[in-house]
Amino acid sequence: QVQLVESGGGLVQPGGSLRLSCTASTSIISIYTMAWYRQAPGKEREYVATITKGGTTNYKDSVKGRFTISRDNAKKTLYLQMNSLKTEDTAVYYCNAAKSQVPWGQGTQIAVSS
C-alpha cells in the first residue's frame, strides 16, 4: 500500500529550528487529514499536529506557537516546521493519516541538546 518516508531530523541546540518532511507514495496527504506524531524514549507515541484536506490545523498544546504543519500536494509531502525547540521535543517523529492509518514509516530522530 502507501509508503511513508520521514526525513529532516538531526541534532539541534535548544532554541534552534528544524524542518521535517514526510513523503508519501500516493495522494494520501491531499485526501486525508494527516498528522505528525512523536515517540520519546520509554514513552508512547503521541499526536503532535494535524492538517485537514481543507488546510485546517491543530496542535498539541505544548507545541502551539512553535510548530507549523503544512503540505505540498503536488510533491505528496507533509512538513513540520519546528522553531524554538526544547529538550522536551527530543523524540522520533512519524507521519501518518490521523485516522485509518497506513503502515508506519521509519520515523526521523530529533535530538535537542546543548
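The values are calculated or read from the model by the stated rules, or taken from the named source; none is laboratory data. Computed from a prediction, not measured in an experiment: that's the story for all the values here. Backbone-built Cβ (ideal geometry, glycine too); neighbour counts: all protein chains shown. With ligands, DNA and RNA removed, areas are computed over all heavy atoms of the protein, side chains included. Shrake-Rupley method; radii C 1.70, N 1.55, O 1.52, S 1.80 Å.
Which value at 222 nm does the chain reach when only helices count, each DSSP H run of 4 or more adding -39,500 (n - 2.57), with the total divided by all residues and rounded to the nearest 500 deg cm²/dmol?
On the way: 1 runs with 4 residues, N = 114.
The per-residue figure over the chain is -500 deg cm²/dmol.
I need the per residue convex hull volume for the range 1-72, using only the alpha carbons, in cubic angstrom as a whole number. Write down the numbers at each step before the final one.
Values: hull volume 8.4 nm³, N = 72.
Dividing the Cα hull volume of the range 1-72 by its residues yields 117 Å³.
Counting only heavy atoms of the protein chains, get the accessible area per residue of the chain (1.4 Å probe) and round it to a whole Å² value. Provide the component values of the computation, followed by the final result.
Numbers: 5960 Å² over 114 residues.
About 52 Å² of surface per residue is accessible.
Taking every alpha carbon pair in the range 69-114, what does the distance histogram look like in 5 angstrom bins from 0, in percent?
That works out to 5, 16, 22, 26, 17, 10, 3, 1, in percent per bin.
Looking at the range 33-100 from every direction and averaging, what is the projected area of its Cα convex hull in nm²? Before the final figure, lay out the partial values.
Details: hull surface 19.5 nm².
Spelled out: convex hull of the Cα atoms, projected over all directions, averaged, 4.9 nm².
In the range 1-42, what percent of the accessible surface is made up of carbon and sulfur (1.4 Å probe, ligands and nucleic acids excluded)? Show your work: numbers first, answer last.
Details: 1040 of 2110 Å².
For the range 1-42, the apolar C and S fraction of the accessible surface comes to 49 percent.
Hey, can you rank 34-45, 82-93 by average C-beta count inside 10 Å, highest first? Let's see the in-between values first.
Numbers: 34-45: 15.7, 82-93: 17.8.
Ranked by mean Cβ neighbours within 10 Å, highest first: 82-93, 34-45.
Take every DSSP beta bridge with both residues inside the chain and express the antiparallel ones as a percent of the total, to the nearest 5. Walk me through the intermediate numbers first.
On the way: 33 of 36 bridges.
Looking only at bridges with both residues in the chain, the antiparallel portion is about 90 percent.
How many angstrom separate the Cα center of the range 58-76 from the Cα center of the range 3-40?
Cα centroid to Cα centroid, the span is 9 Å.
Under 22 Å between C-alpha atoms is the cut-off here; go through the chain and count lysine pairs that meet it, provided they're at least eight residues apart or on different chains.
Taking the chain as the scope, the lysine pair count is 14.
Can you tell me the order of 54-65, 4-15 when each peptide is scored by its average per-residue count of other Cβ atoms within 10 angstrom, highest first? Kindly include the intermediate steps, with their values, before the conclusion.
On the way: 54-65: 12.0, 4-15: 15.7.
Output ranking for 54-65, 4-15: 4-15, 54-65.
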